[in-house]
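First the structure, in the form of structure tokens, and then the observations on it.
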Amino acid sequence: MDRYSIQWRGYIPAITTPFTAEGALDLAALDRLLQWLYEEGMHGIIIGGTQGEWCTISSDERKQLLQAVGRKLSGKIPLIAGCSAYTSSEVAAHARLAAEYGFDGILVTPPPYMVPTDREILAFYGEVNDAVSLPICVYNWPPGTNVDMSLNLLRDIAGLSNVVAIKNSTANLRHFIDVFFELKDQVRVFGVPMNDLGILLVQQGADGTMGAGGVLGRELPGYFNAIWEDDLPRARSLGARNELLMQAWFKPDYTGRFGSAQAIFKAALNELGLPGGYPRRPLLPLEAEGVRLVRQALVQLGKLGA
């Protein structure tokens, strides 16, 4: 497999997982959220990723999530299952379920918390590669793993037979650009900023962004659609709207300014009348000031009345 084995591109949100106030998985809310995202023209969907609070999801809940999403959207848009775990055997078990329910690929970080060495990370991905059948998207997520995978390491991982893409969520822009130009002909590279630089990178063959939340709906895939249609003024306008939210709600390393990213996105969805639900403990809903800041940005963009 390589970049040509898949058709993933554009805006693919890593969606939130709706929970009730009591912390139960809310499959009815998930169904409504999926329907909205699909109707808004998302280019694909990731479930069980960072924004999906995968660390809190039980094995049975994971099965329910994969089954519900697969039944609704398999074959309609690319579906990617977040399969991160502490061991390669756990990742492989998650990937088998994803394949069973019609997913098109898996997203995998290095093992969190342990801060493994380059040698250990390469061995981990090698074990995953040998144990799964689905295409693999490697997820470089420094805030969650305390590792910003180097170009040399990512080059080695990209050489594994089932690796087709990299979601490079590094805050180091130079590192992102170096990885993109080095590996773009071998694997798809996601993480394009939605601004003028992003336009230039897409024109150079960048594939898109695996973003989070999808709260601006069709504006987000619209940014990439506009570039592909050579409507650069529209792309700049849409990108600027997303940049406003990112700067208002998130720090440069993509962590939340006034709450967890998951709580911020869920509050935004709820404010828009969409099924965001609640974060699950240990994460907590935003306090009143956080909700005010979420609303302030949405009002500024004209998504809500003042």
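Quick note: the coordinates plus some simple rules give every number you see, no bench work behind them. Predicted model, so just to flag it, every value in this text is computed and none were measured. With ideal geometry, Cβ positions are generated from the backbone for all residues, glycine too; neighbour counts draw on all protein chains shown.
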Q | residue 288 paired with residue 151, simple spin-label distance in nm, labels 7 Å along Cα-to-beta-carbon | A | 5.1
Q) Taking amide H positions as placed 1.01 Å from N in the peptide plane, with prolines and chain starts having none, which residues 5 or more places from residue 212, or on another chain, fall under 5 Å of its amide H? A) 14
Q: Report the calculated FRET efficiency for residue 171 and residue 86 (r = Cβ-Cβ distance, R0 = 30 Å), to the nearest 0.05.
A: 0.80
Q. From the phi of every residue in the stretch 71-83, what ³J(HN,Hα) in whole Hz does the Karplus formula 6.51 cos²θ - 1.76 cosθ + 1.60 yield, where θ is phi - 60° and glycine or proline is x?
A. 4, 7, 10, 4, x, 9, 9, x, 10, 10, 9, x, 10
Q. Taking the C-alpha atoms of the stretch 112-227, how large are the radius of gyration and the largest Cα-Cα span, Dmax, in Å?
A. 14.6, 41
Q: Within 10 Å, count the other beta carbons around each residue, average over each peptide in 152-159, 186-193, and list them highest first.
A: 186-193, 152-159
**Q.** GNM top mover of 177, 12, 136 - the chain, alpha-carbon springs below 10 Å
**A.** 177
Q | ³J(HN,Hα) computed for each position of the stretch 197-208 - Karplus, 6.51 cos²θ - 1.76 cosθ + 1.60, integer Hz, glycine/proline x | A | 4, x, 4, 4, 5, 5, 5, 8, x, 5, 8, x
**Q.** Reachable lysines, given that their alpha-carbon falls under 17 Å from the alpha-carbon of residue 72 and they are not under 8 places away in the same chain
**A.** 63
Q) Semi-axes of the equivalent ellipsoid of the stretch 40-117: what are they in whole Å, largest first, if each equals the square root of 5 times a C-alpha gyration tensor eigenvalue? A) 22, 13, 11
Q) Relative contact order (percent) for the stretch 3-234, with alpha-carbon contacts under 8 angstrom and 6 or more residues of separation? A) 22
Q: Can you spot the lysines whose alpha carbon is less than 17 Å from residue 266's alpha carbon? Ignore those fewer than 8 places along the same chain.
A: 303
**Q.** Dipole of the stretch 143-268 [Lys/Arg +1, Asp/Glu -1 at C-beta], most positive-end residue of 200, 211, 177
**A.** 211
Q: Tell me what the chain gives for mean residue ellipticity at 222 nm when only DSSP H runs of n ≥ 4 count, each as -39,500 (n - 2.57), the sum divided by the residue total, rounded to 500 deg cm²/dmol.
A: -14000 deg cm²/dmol
Q.
Students often get this wrong, so try it: which of (i) 14.1; (ii) 20.5; (iii) 21.6 is mean projected area of the Cα convex hull in nm² as calculated from the structure shown?
A. (i)
Q.
Give the separation of the Cα centroids, the stretch 17-33 to the stretch 106-141, in Å.
A. 29
**Q.** Estimated inter-spin distance, residue 255 and residue 181, nm [label 7 Å along Cα→Cβ]
**A.** 3.1
Q: Show which lysines lie in cross-link reach of residue 184 when reach means a straight Cα distance below 28 angstrom and same-chain residues fewer than eight apart are skipped.
A: 76, 167, 251
**Q.** Placed amide H near residue 10: partners under 5 Å, 5+ positions off or other chain
**A.** 208, 209
